[in-house]
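Structure record follows, encoded as structure tokens.
The values are calculated or read from the model by the stated rules, or taken from the named source; none is laboratory data. A quick note: this is a predicted structure, and the numbers were derived from the prediction, not measured. Positions of Cβ are generated from backbone atoms using ideal geometry, with glycine treated the same way; all protein chains shown enter the neighbour counts.
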Amino acid sequence: MEKLPPDTIVGIDLGTTNSCAAVATGGGQVKLIPHKGGEYTIPSIFAIDDKGHELIGHDAKRQWQLNPRNTLYATKRLIGRSPKDGIVETVQRSVQYRLHGGEHNDVELDCHGRTFQVQDVAAKILAKIRDVASDHLGFKVRRAVVTVPAYFTDRQRQGVKEAGRLIDLEVVRIINEPTAASLAYGIGRKLDERVLVYDLGGGTFDVSIIEIRDRVFEVKATGGDIFLGGIDFDDAVIRHVLEDFEKKHGIDLTGDPVAMQRVRDLAERTKIDLSARTEAPFSIPFITMTPQGQPLNMDLRFTRTLLEELTRGLVQRTLDIVEQVMAEARVERKDLDEVMLVGGQTRMPFVQQTLTHYFKKPPSKGVHPDEAVAIGAALYAWSLQDNSDLKLQLLDVIPMAIGLEAAGGAMHVVLPRNAPIPNAKALAATSSADNQSELMVRIFQGDRPDTSRNELLGEFVFGGVRPARAGSVRLEILFEVSIEGILTVSASDLDTGRQMKTTLRVTQS
Ligand code: AMP
């Protein structure tokens, strides 16, 4: 590969289950960056072994079965999330490591007697990808475009930026995964199309409707679920085999982390096998012992039909979201030129058949489902470089409403879901007490009518309000959302124009 300048920006697809990096070489040709073993993806897994060594990627995955308590995986779904709405309990049910609510309205993870914030783990994985890329490119990579699910909140995006800061990697731009995939599909093809990107990865589901007019990529609407992905398909298999085992032997394996990890591993492998064939054995020798000390095997046959029955509800959930996003973009099935599949789980024939049936045409084969996101990120990175001749216009949207808490905890929406970004909106507020010196607003993101069910982005305190009678100071609160979907809030005195001092009381991490 030709030598690239050391300030080259790489594209990173930081996935829930696998991550991948790519770089544009001169002229906008994109190359995926291989790992030592020649593979392009790195498992997004972090572990600490019994000797206290930190392991990341393939090394972490290799020892996963034997060290399930200290192997952290699928943590991306937890970045920037508060530990409410039963998130901790829900996730705890499907992972063998321990998690709990942290001090900063976040989720923390336990590993080998240490406690990690989710962005620490993201930072370790990012560092691994950065190091692999640096080894390959021959210079230390310092700048990257990183992709996130379109359905990530501001706080989750901040979490990814923070992960970059922790390892001195400048996250030059965050872009949405489906948008990145559409760049991989559309750049250089002089298109005039409306596409629907159906992105079902390891942990998250996103759908975006994007209009491509040559080099203008305009997202019309987006939606998704950050708790719907391949892992949930694995969980459906796991539930079935555990029930079967309990029925046959009267033994519940859920309390045995090593057995559970073996089941999880085989569940995923069987699910993947069943994309290529219609039947597969599900056998694990010596999974446990009877109370009398006799070894027991797990032994059943799985069919594609059974897998489809077990996961039909999950696929239906994705279709419900597709319908909702189409309604919001005001498009009908016939208005879509292409349906693009992204994410490993879209290889499942049932997913493809369901979509073919629904859209009355087969999905496009225009992009590689595992690589499109990293390639799109690299192309976008190239467009941001000084020496680039690729000029792109990306117009995206916010996935969920942003608003503030009104009386009684109601959500007062400032920017509605699917509002185009970048965007800014001003809101007037008045002082409510005599000589009030501070004004506090609590800002939330989410589509629920009451703030308690949305994500708290922060408690903003505006200080230095001029002393005056109640109601006589008029403030303007300005909400600005960047192209990355990141919010900045500021306030000024409408009469004097003076900027208020802004403090964020609930930190982002
Ligand atoms: P991604 O995040 O895009 O790498 O997607 C990873 C998810 O895709 C994991 O849950 C995998 O189990 C799943 N996956 C990968 N290949 C296949 C396949 N051939 N059939 C079904 N699922 C797959």
Given the conditions (1) assigned to a loop (DSSP other than H, G, I, E, B); (2) at negative phi; (3) crowded, with 19+ Cβ neighbours inside 10 Å, which single one is not true for Phe116? (1)
With respect to Phe286, is the statement that it is farther than 28 Å from Ile226 by Cα, more than 28 Å from the chain's Cα centre (by Cα), within 16 Å of the ligand (Cβ to nearest atom) and among the aromatic types (Phe, Trp, Tyr) true? no
Could you check, for region 239-250, whether at least one of its residues is among the aliphatic types (A, V, I, L, M) and touching a strand residue (DSSP E or B) at 6+ places or on another chain (Cβ under 7 Å)? yes
Within the group Arg194, Arg157, which residue is among the charged types (D, E, K, R), surrounded by 22 or more Cβ atoms within 10 Å (Cβ to Cβ), more than 16 Å from Ile129 (Cβ to Cβ) and in contact (Cβ under 8 Å) with a residue 12 or more places away in the chain? Arg157
Those residues that are surrounded by 21 or more Cβ atoms within 10 Å (Cβ to Cβ), within 16 Å of the ligand (Cβ to nearest atom) and of a type outside the set (Val, Ile, Thr), I need them from region 41-59; list them, please. Pro43, Ser44, Gly57
For Val121, all conditions in the list (1) touching an Asp or Glu at 6+ places or on another chain (Cβ under 9 Å); (2) surrounded by 22 or more Cβ atoms within 10 Å (Cβ to Cβ) hold save one; what is the number of the exception? (1)
Among residues of region 344-395 being under 30 Å from Arg304 (Cβ atoms) and of a type in the set (Val, Ile, Thr), the residue surrounded by the most Cβ atoms within 10 Å (Cβ to Cβ) is Val373
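When the residues of region 124-143 are filtered to those that are in contact with a helix residue (DSSP H, G or I) (Cβ under 7 Å, 6 or more places away or on another chain) and crowded, with 24+ Cβ neighbours inside 10 Å, which remaining residue is nearest to Gly164 (Cα to Cα)?
The qualifying residue nearest to Gly164 (Cα to Cα) is Leu126.
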Being within 19 Å of the chain's Cα centre (by Cα) and more than 12 Å from the ligand (Cβ to nearest atom) is the filter here; which residues of region 360-380 pass it? Ile375, Gly376, Ala377, Ala378, Tyr380
Which pairs turn up if I take residues in region 85-107 that are modelled with pLDDT of 90 or more and look for partners that are assigned to a loop (DSSP other than H, G, I, E, B) and not β-branched (Val, Ile, Thr) with beta carbon separation below 6 Å, at least 6 apart in sequence or on another chain? Gly101/Pro83; Val107/Arg81; Val107/Pro83
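Condition check ((1) assigned to a strand (DSSP E or B); (2) within 16 Å of the ligand (Cβ to nearest atom); (3) farther than 27 Å from Asp214 by Cα) across all residues:
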position: Ile321; (1), (2), (3): no, no, yes
position: Leu355; (1), (2), (3): no, yes, no
position: Asp389; (1), (2), (3): no, no, no
position: Gly408; (1), (2), (3): no, no, yes
position: His412; (1), (2), (3): yes, no, yes
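Do we find a residue being surrounded by fewer than 20 Cβ atoms within 10 Å (Cβ to Cβ) and not in a strand (DSSP E or B) anywhere in region 7-24?
Yes, that holds for at least one residue.
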Please list, ordered by first then second residue, the pairs with beta carbon atoms under 6 Å, 6 or more apart or interchain, first in region 432-454 and assigned by TED's automatic domain parsing to the domain that holds Met411, second at pLDDT below 95 and of a type in the set (Lys, Arg). Asp434/Arg469
Scan (1) more than 23 Å from Arg194 (Cβ to Cβ); (2) in contact with a Lys or Arg (Cβ under 9 Å, 6 or more places away or on another chain) for the single condition Glu328 breaks and write down its number. (1)
Looking at (1) touching a Cys at 6+ places or on another chain (Cβ under 7 Å); (2) closer than 30 Å to Asn176 by Cβ; (3) away from the ligand (no atom under 16 Å from the Cβ), can you tell me which one Leu32 breaks? (3)
Hey, can you tell me all the residues within region 256-275 that are surrounded by 18 or more Cβ atoms within 10 Å (Cβ to Cβ), of a type in the set (Gly, Ala, Ser) and within 16 Å of the ligand (Cβ to nearest atom)? Ala267
